[in-house]
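Chemist: Mind having a look at this structure? Questions to follow.
Bear in mind that the values in this text are calculations on the coordinates, not laboratory data. No experiment lies behind these values; they were computed from the predicted model shown. Every residue, glycine among them, receives a Cβ derived from its backbone with ideal geometry; neighbour counts consider all protein chains shown.
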Amino acid sequence: MVSAVTDPLVLCYHALSPTWSAALSTTPTRFERQLGLLLSRGYRGVTFTEATRAAPGERVLAVTFDDAYRSVLALAEPILQRHGIPATVFAPTDYIGSERPMRWPGIEQWLGGTDEPELVPMSWAELRALAERGWEIGSHTCSHPHLTQIGDDALADELARSKSTCERELGAACDSLAYPYGDLDERVVAAAARAGYETAAALPSRLDARGALQWPRIGVYNADDELRFRLKVSAPLRGLRRTPLWESLGALRGLASRG
Ligand SMILES: [Zn+2]
């Protein structure tokens, strides 16, 4: 028997678009329905760091967005504002302010096509405006590398420089991080601690608790229609994803895939 899970629910989104078919994009209509479902169940919207500090059993929901796509400001923020809840953006600092499309394996296939504008991130002024409205802005490193695949010096630089850039541009402490691709190992987590991060967001298949620097999130993707979303956030499935049994359930694990 899997025990009920009522602990903080942390969701990981990327972009919103009514038309973009990328796996990491969700339509505004679906996003609003997903939010409405959870709020109707009594979840209270908080930032990522607040969720990591919530009391056990508290029904809090943290909506997080990786990569700082401008569509988050244009399409997600009005919906969140209507419901009166903040969110969290993890920004890859080398791209912020550049007004050029972001590019790394996983999204660069959209360069050069009609959807290329979807890859343009927010500016620092736009992130500042979100912070003023109660959003949390965290680091998503500088250049969005696979952190497990780079050397110690580059790893330390990605973590420290993105943190200090956020702090300089936003005039506030930057204590949270999201690992690009959810890619981490012990060395990466130790480096995040050394760089001074207090919380860091992961994207694991297993949702078992591993501390504030490997905080599990549930990724929501283009393929998540209403049924899949309801299943993903359901207490039984989340409970199951905390157990070792999850590793052996190949078919269900498709639900945790990154699209
Ligand atoms: Zn990312």
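Chemist: Using DSSP, restrict attention to beta bridges with both residues in the range 49-197 and report what percent are antiparallel, rounded to the nearest 5. Display every interim value, and only then the final one.
Modeler: Details: 1 of 9 bridges.
Around 10 percent antiparallel, to the nearest 5.
Chemist: Considering the dipole of the chain built from charges on the beta carbon (Lys and Arg +1, Asp and Glu -1) around the Cα centre, which of 78, 120, 106 is farthest to its positive end?
Modeler: 78
Chemist: Now, a different point. Taking Rh as the Kirkwood radius computed over C-alpha pairs, what is the Stokes-Einstein D of the range 131-172 at 37 °C in a medium of viscosity 0.692 mPa s, expressed in µm² per second? Walk me through the numbers on the way to the answer.
Modeler: Numbers: Rh = 11.2 Å.
Answer from the Stokes-Einstein relation: 294 µm²/s.
Chemist: Okay, moving on. Hand me the GluC sites (Glu not before Pro) from the range 28-130 located in a DSSP loop with no more than 13 other Cβ atoms within 10 Å, in residue order please.
Modeler: Working: sites: 32, 50, 58, 99, 108, 118, 126; in loops: 58, 99.
Sparse-neighbourhood loop GluC sites (Glu not before Pro): 99.
Chemist: Please work through the chain and write down the cysteines that have no neighbouring cysteine Cβ at a distance under 4.7 Å.
Modeler: Taking the Cβ cut-off of 4.7 Å, the unpaired cysteines of the chain are 12, 142.
Chemist: Right, something else. Taking the Cα-to-Cβ direction at residue 209 and at residue 157 and moving 7 Å from each Cα, how far apart do the two end points lie in nm?
Modeler: Calculated label separation equals 3.8 nm.
Chemist: Say each of residue 186 and residue 164 gets a label point 7 Å from the Cα, pointing the same way as Cα to Cβ; how far apart are those two points in nm?
Modeler: Modelled inter-label distance: 2.9 nm.
Chemist: Once fully extended, how much extra length lies between residue 129 and residue 74, figured as 0.36 nm per residue of separation less the alpha-carbon to alpha-carbon distance? Could the numbers behind the result be given before it?
Modeler: On the way: separation 55, 0.36 × 55 = 19.80 nm, distance 1.25 nm.
Answer, rounded to one decimal: 18.5 nm.
Chemist: Between residue 193 and residue 114, what is the FRET efficiency for a Förster distance of 51 Å, r being their Cβ-Cβ separation, to the nearest 0.05?
Modeler: Numbers: r = 43 Å, r/R0 = 0.84.
The computed FRET efficiency comes out at 0.75.
Chemist: Based on the alpha-carbon gyration tensor of the range 29-96 and its eigenvalue square roots a ≥ b ≥ c, which shape applies: rounded if a/c is under 1.5, prolate if not and a/b is larger than b/c, or oblate?
Modeler: Working: a/c = 2.78, a/b = 1.31, b/c = 2.12.
Since a/c reaches 1.5 but b/c is at least a/b, the shape of the range 29-96 is classed as oblate.
Chemist: Right, another one. Which shape class, rounded, prolate or oblate, goes with the range 53-202 when its Cα gyration tensor gives a ≥ b ≥ c as root eigenvalues, a/c under 1.5 marks rounded, and past that a/b bigger than b/c marks prolate? Mind showing how you got there, number by number?
Modeler: On the way: a/c = 1.56, a/b = 1.06, b/c = 1.47.
Oblate.
Chemist: I'd like to know which of 234, 174, 192 lies farthest towards the positive end of the charge dipole of the range 139-248, counting +1 on Cβ of Lys and Arg and -1 on Cβ of Asp and Glu.
Modeler: Among 234, 174, 192, the one farthest towards the positive end of the dipole of the range 139-248 is 234.
Chemist: Follow-up question, since we're still on this one. Exactly which trypsin sites (Lys or Arg not before Pro) in the range 7-47 are in a DSSP loop and have at most 15 other Cβ atoms within 10 Å? Show your work: numbers first, answer last.
Modeler: Values: sites: 30, 33, 41, 44; in loops: 41.
Answer in residue order: 41.
Chemist: Out of the range 151-204, which GluC sites (Glu not before Pro) are coil in DSSP terms and have no more than 16 other C-beta atoms within 10 Å? Walk me through the numbers before you get to the answer.
Modeler: Details: sites: 158, 167, 169, 186, 198; in loops: 198.
Answer by residue number: 198.
Chemist: Run lengths n ≥ 4 of DSSP H only: what is the helix-derived mean residue ellipticity at 222 nm for the chain, with -39500 (n - 2.57) per run over all residues, to the nearest 500? Each step should come with its number before you reach the end.
Modeler: Details: 9 runs with 79 residues, N = 259.
That calculation yields -8500 deg cm²/dmol at 222 nm.
Chemist: Take every DSSP beta bridge whose two residues both sit in the chain, then give the antiparallel share in percent to the nearest 5.
Modeler: On the way: 1 of 25 bridges.
In the chain, approximately 5 percent of DSSP beta bridges are antiparallel ones.
Chemist: Rounded if a/c is under 1.5, else prolate if a/b beats b/c, else oblate: with a ≥ b ≥ c from the C-alpha gyration tensor eigenvalues square-rooted, which is the chain?
Modeler: Working: a/c = 1.36, a/b = 1.18, b/c = 1.15.
Rounded shape, in that the Cα axes give a/c under 1.5.
Chemist: I've got another one for you. To the nearest 20 Debye, how big is the dipole of the chain about its Cα centre, given +1 on the beta carbon of each Lys and Arg and -1 on that of each Asp and Glu?
Modeler: 980
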